[in-house]
Structures are given as C-alpha cells and as structure tokens.
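Right, one structure below, let's go through it.
The values are calculated or read from the model by the stated rules, or taken from the named source; none is laboratory data. None of these values were measured; they are calculated from a predicted model. Cβ coordinates were reconstructed from backbone atoms using ideal geometry, including for glycine residues, and neighbour counts include every protein chain displayed.
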C-alpha cells in the first residue's frame with residue numbers, strides 16, 4: 001500500500017500495524033531517555049560483579065517504541081585484547097524481528113555514529129585485559145540522549161514549576177518577549193533562567209601568533225619582528241579578555257616576560273594599556289617553559305577599534321632572553337540583563353535577574369536557602385573619586401523634565417548613606433513588630449559587642465558612657481584613660497579603670513603598672529619533614545610563635561591551643577603563622593589535607609607575651625623574601641620576622657636588616673622544599689617598623705614573609 005491514513009474506527013484506516021503506530025508516535029517524541037542531565041534514569045555504572053555493567057531504572061523512547069526498566073539490569077563487558085584503553089558504547093537497541101528493546105554493548109564505538117533504532121545511554125572505557133582487577137574493570141561516562149521537552153506560554157501570576165530542558169514564554173502583548181529556560185542550579189535544583197534575545201551583532205574572537213625566534217637583552221618593552229598583533233572592536237560592555245601565551249627561556253639569573261600593549265586604532269595610536277610584568281607571561285629559570293597570562297581589560301569605548309600586540313623584555317640589562325613562540329587572544333565580554341535593569345547593566349548576572357511588572361528583581365530559586373542574592377566586592381585602597389557601589393535616585397522634577405536626586409546609597413567604600421528627598425521627609429524609619437524585644441538599632445565593635453543603641457521601647461542606651469569603652473577578656477593593649485576592663489581571669493572577676501601608666505582596680509588596691517620591658521627571647525628551634533603532618537619541636541618559653549611552610553596547596557589544621565594569625569598561598573606553596581601559650585597547648589602536631597608535602601617550620605619562644613599585631617605578604621612572580629612593615633602602637637615590644645620560600649634548592653638566607661638579630665634558619669635541602677629564616681628585635685617606643693627583606697642563594701619561585709609584634713602579658 002503506497003498511501004495510508006489512520007487510525008480510524010472503520011474503513012481502511014481501522015487496521016494499524018505496530019510499524020504504523022511506531023511511525024506515528026515517533027513524530028510525537030524524539031528518541032531519548034525520559035529525564036534530564038540531573039537525573040539517574042537509565043545511566044550506567046560498574047556492575048555488582050567484576051566485568052559487568054549495571055543499567056539503572058528508567059524510561060526511554062526508541063524510534064517510536066517505549067522502553068521501561070523497573071529494576072537495575074546487568075550486562076557483561078567484552079575483554080580488551082589491545083594495549084590501550086578501548087571506548088565502548090552502551091545503547092538501547094530496538095529489534096523489530098524479536099519485538100524487543102534491550103541494552104547492548106557496542107565495542108569500539110564513541111557515539112559519533114550510533115546507527116538507526118538505537119538510543120545511546122553511556123560510554124564505557126574498557127582497560128586492557130592485563131590491567132583489569134577485581135576493584136577496577138572499567139569506568140562509565142554519561143552519554144544519554146534525552147527526549148524533547150515542552151515549550152508553553154505562562155502567566156506572570158502563575159508560573160509553573162521549573163522543568164529542566166523546558167521553555168516557557170510570556171505571550172501577553174507587554175511581556176517584553178521574556179523567555180525562561182529550565183536549568184539546574186549548583187545544588188541540582190531546577191529553576192527558570194531568563195533568556196533575552198541578543199539585540200546587537202556579536203563581535204568575533206581575534207587571535208594572532210608567531211613561531212619566529214626572538215632574542216633580546218633589552219630591558220625596555222619591544223614588539224620584536226615580526227610583530228604578533230591584531231585589531232578588534234570593543235563590545236557593548238567595553239570589556240575584553242586578553243590572553244598571552246609564550247614559550248620563553250631566561251638566561252642566568254634574569255627573568256623573561258611577554259606581555260601586551262593596547263593602542264587606539266593602529267600601531268601608531270595612543271597607548272591605552274601599557275605592558276607591565278604583572279600582566280605578562282613570565283619565566284624565571286634557565287630552561288624552556290610555556291607560560292600563559294589572562295587579563296580582563298575594562299573601560300574600552302564600545303564600537304571603537306583597538307590595536308593589540310605582544311611585547312617582551314628581559315629584566316636584566318645585557319642578559320639575553322629567548323622566545324620561540326608568541327600568541328595573543330582577544331575575547332569580547334558580553335553582559336546582557338533584563339530590560340529595565342539598572343545601568344551600566346554588567347554588574348548583575350543575567351541568570352539571576354527576573355523581569356517583573358515595571359522593573360527587574362533578583363530572585364533566588366525556590367527552595368534554595370543557601371544562595372546569596374547579590375555580592376558586591378570593592379577593591380582595596382583609597383577610592384575617594386570612585387562612584388557609588390549602589391545608589392537610588394528620586395525624581396524631584398517631572399516626567400517631562402526629570403531631576404534625579406540621590407537619596408539612598410552605599411558610597412565608594414560600601415558605607416550606607418541616606419539623604420532625604422525633601423526637608424519634610426524622614427530619611428530613615430525603623431518599624432518594629434508588635435512585641436519586639438530585641439534592640440531596634442545598635443552600634444557595636446568588631447566583636448558585635450554593643451556600645452550604644454536604641455532599645456525596643458525607644459530608649460537610648462550607652463553602656464560605654466561618655467568616651468569610655470568597656471573591655472572583657474585579656475588586658476587591652478590600646479586603652480585610653482577612663483576605659484573599663486573586666487578581667488575574667490581573676491576569682492572573682494575584677495573591674496579595672498585605665499589610668500595613666502596602668503590599671504586601677506575599682507574594688508580597691510594599688511595601680512597595676514604597665515610593663516616596662518619587652519618580652520624576652522628564650523629559645524628557637526625548627527625542623528623539615530616530607531609528610532602529611534608536622535610535629536613542631538619542643539621549644540622553651542611561655543609564649544610560642546611558629547611559622548610553617550609547605551610546597552602544596554593543602555589546608556593546615558592546628559591542634560588545640562594554637563591560634564592562626566596569618567596564612568598566605570602562592571602558585572606552588574603555602575605558609576601560616578601561629579601563636580600559642582605553652583601552658584594551653586594540647587599537642588604540637590599539625591595535619592595537612594591532601595598528599596604529603598615538603599614542610600619546614602621555625603618556632604620562637606618568649607616570656608609571657610600577647611600579640612599586638614601581625615601582617616604578612618607573598619610573592620609568586622619575582623620570589624622576593626619580604627616581611628612587611630607593621631605599626632607597633634604599644635611599647636616596649638619585640639618584633640619577630642619570618643622569611644620563607646620555595647625554590648630549586650634553598651640552602652641559605654641572608655637578612656638585609658642590620659638592626660635585627662638572627663634567631664634561626666631551617667632548610668629542606670631538596671628541590672622545591674621550603675627554606676626559612678627568623679629574626680628578632682626590640683622596639684623601645686611606639687613606631688611603624690619598616691619592611692625588611694632577605695636574600696636566598698637561588699631565585700625562589702614563591703616567597704614571602706611575616707612580621708609579628710609582641711608585648712609583655
């Protein structure tokens with residue numbers, strides 16, 4: 001029969017074969033698994049016995065026929081007689097002769113040519129027979145096809161539950177073309193993600209490269225010959241990613257750098273971004289290395305043409321560097337948000353912005369109680385001329401002639417400010433719930449200890465009366481006359497007032513004068529290990545300060561009694577600074593997550609002391625050993641500095657500060673191990689101690705330092 005219409009209750013179309021039904025239902029749904037990537041329907045995994053594969057339960061459609069598996073099914077693997085891993089494919093195979101659909105393993109198939117009447121569900125990596133064990137006989141990779149999902153309209157007042165793979169759209173005239181795609185969030189929960197059609201043409205990625213060898217001793221940035229350059233058009237965001245790659249070799253003790261330069265229009269245009277070592281691919285040792293640097297460039301004028309090229313130099317005059325490969329990649333950055341979103345529009349993630357009636361909202365997916373709606377991160381440094389981090393403007397004019405006045409805002413440092421829109425308006429109103437018991441407003445210190453506030457009944461209170469402050473805990477180091485200190489370390493706790501030169505007990509007694517001497521250095525020790533833990537050597541002293549360095553990115557966990565002061569990480573190592581009171585230490589064993597690491601430590605012991613302040617720094621570009629400057633606001637005090645670094649083999653460190661006394665050196669003695677040195681000095685008067693440096697026998701890949709100030713307890 002060449003022509004057929006069905007199904008009908010009578011006539012020629014009343015007789016329908018299974019092939020007819022399959023041809024009809026295949027148009028209703030694609031071949032694929034019922035579900036989405038977040039489900040386990042019909043996934044595969046290693047079976048319960050060696051040399052088996054388990055197919056999990058689920059439903060699928062194969063060429064118009066339905067398949068249902070209600071209990072896991074096990075199939076056998078096929079031995080691999082080759083010498084390398086083999087990729088096999090598990091499919092649901094339709095057999096119209098036997099009238100069955102069943103899981104089948106196809107050897108030497110990667111899913112690129114599935115064939116008819118088959119639905120892929122997973123890839124199986126079969127190792128050579130000699131490598132198969134009772135614990136490891138292969139690995140499974142999800143490779144399922146999925147059935148199609150629905151596209152349907154919705155009402156803004158009645159959005160259906162999110163369906164991963166689905167799509168809904170607002171069909172009303174004022175719906176602004178809003179379309180939502182069903183996706184899974186990072187917790188595997190479904191949510192509707194808004195999608196907005198792109199209104200402007202995309203700008204292509206640009207790249208250039210050269211394998212011509214470059215040799216130079218110049219310490220000035222040069223482009224070389226031939227130049228590696230291209231032009232690009234700035235996208236609407238005014239942002240691009242610039243990626244530079246180079247294969248370099250530095251000679252002697254020099255460093256080789258390959259960065260980039262951006263100019264207006266062409267090679268003769270004005271410089272927009274000058275090359276610098278912080279944004280350059282670099283090599284600091286005498287062997288070949290491939291290095292990459294990726295940098296986000298902002299502030300470009302959308303639509304303008306820019307010229308970019310690689311630039312390279314040596315960091316030592318007369319010392320040659322060699323470059324055998326240079327390449328540069330320019331990637332435009334696009335940021336689309338909902339219509340009506342605030343300008344400039346590239347602050348918010350478009351996946352979090354939801355169009356509502358008359359504006360935009362940031363919405364967390366239903367049921368997600370752990371996600372932060374908005375996080376604004378402000379760079380460090382003095383920013384007096386920077387724009388607000390967030391602001392609300394009120395129109396004090398008319399719609400025809402608007403006058404926008406800033407009313408509420410967070411300034412350039414993220415601090416809240418409020419300006420009433422008119423003298424008759426209340427700038428801030430706090431409305432309390434009926435039966436409110438907690439305070440309506442508080443001013444607190446960094447430990448959330450209230451210093452003043454408004455109680456729920458509107459009463460103003462100030463526990464720190466006048467300009468005085470109240471401290472609880474260890475003796476305050478920077479108190480002013482009139483401040484109060486509750487000392488819980490006595491029985492019963494005592495209340496003391498700060499007077500000139502000491503503390504006066506208010507229950508009676510003589511003034512306890514301030515310490516007139518700095519803590520005394522008692523002992524120093526150190527050791528190096530290759531392990532997942534390190535036990536600090538027993539060191540004499542009431543107060544112990546320890547610096548530990550290791551050549552991995554693992555996390556160090558201290559035992560009870562040790563307090564972390566500072567910790568910094570570099571590309572290939574980390575370090576941490578700890579303090580402890582000897583009488584409170586439960587153990588000296590610190591544990592490290594991950595694999596074993598080469599670790600070194602130095603422990604300094606002092607008479608009873610309290611940490612006044614500490615700071616640290618790290619340098620994974622030039623490998624400088626620097627202990628930062630530190631404000632010592634109370635004296636007499638003792639300052640300890642620790643220098644640490646990872647290099648080829650560090651066997652010596654030399655302090656460059658003549659005023660400091662060497663306390664201890666510790667070296668791992670093998671390549672990539674940690675070298676370390678500690679110094680100390682006494683500070684007689686309050687001052688800022690300057691930064692200090694040390695020099696190693698080899699150039700370090702990662703290095704840094706710590707400065708810590710102690711006063712007598």
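Data table
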read-out	value
Extreme residue, modelled with the lowest pLDDT, among residues of the range 542-555 that are surrounded by fewer than 22 Cβ atoms within 10 Å (Cβ to Cβ) and out of contact with any helix residue (DSSP H, G or I) (no Cβ under 6 Å at 6 or more places or on another chain)	553
Boolean, residue 98 is over 15 Å from residue 117 (Cβ atoms) and either at pLDDT below 95 or not assigned by TED's automatic domain parsing to the domain that holds residue 127 (or both)	no
Elements of type strands (runs of 3 or more DSSP E) in the range 590-703, at least 3 residues being surrounded by 19 or more Cβ atoms within 10 Å (Cβ to Cβ), in contact with a strand residue (DSSP E or B) (Cβ under 7 Å, 6 or more places away or on another chain) and assigned by TED's automatic domain parsing to the domain that holds residue 475	none
Meets criteria (in contact with a strand residue (DSSP E or B) (Cβ under 8 Å, 6 or more places away or on another chain) and closer than 30 Å to residue 189 by Cβ) for residue 78	no
Residue count, the range 560-579 (criterion: crowded, with 16+ Cβ neighbours inside 10 Å and free of Cβ contacts under 8 Å to residues at least 60 places away in the same chain)	7
Residue selected from the range 165-192 under the condition crowded, with 18+ Cβ neighbours inside 10 Å and more than 17 Å from residue 149 (Cα to Cα), by the criterion modelled with the highest pLDDT	170
Residue in the range 79-100 that is farther than 30 Å from residue 134 by Cβ, surrounded by 13 or more Cβ atoms within 10 Å (Cβ to Cβ), over 43 Å from the mean Cα position of the chain (by Cα) and free of Cβ contacts under 8 Å to residues at least 40 places away in the same chain present	yes
Top-ranked residue in the range 55-74 [being on the phi < 0 side of the Ramachandran plot and surrounded by 17 or more Cβ atoms within 10 Å (Cβ to Cβ); ranked as modelled with the lowest pLDDT]	65
Selection from the range 5-29 of residues that are out of contact with any helix residue (DSSP H, G or I) (no Cβ under 9 Å at 6 or more places or on another chain) and exposed (fewer than 13 other Cβ atoms within 10 Å of the Cβ)	9, 10, 11, 12, 14, 15, 17, 18, 19, 27, 28
Test for residue 237: is it part of a loop (DSSP other than H, G, I, E, B), outside the structural domain of residue 622 (by TED's automatic domain parsing), more than 18 Å from residue 206 (Cβ to Cβ) and in contact (Cβ under 8 Å) with a residue 12 or more places away in the chain	no
Among the candidates 576, 586, residue that is assigned to a loop (DSSP other than H, G, I, E, B) and farther than 20 Å from residue 689 by Cβ	586
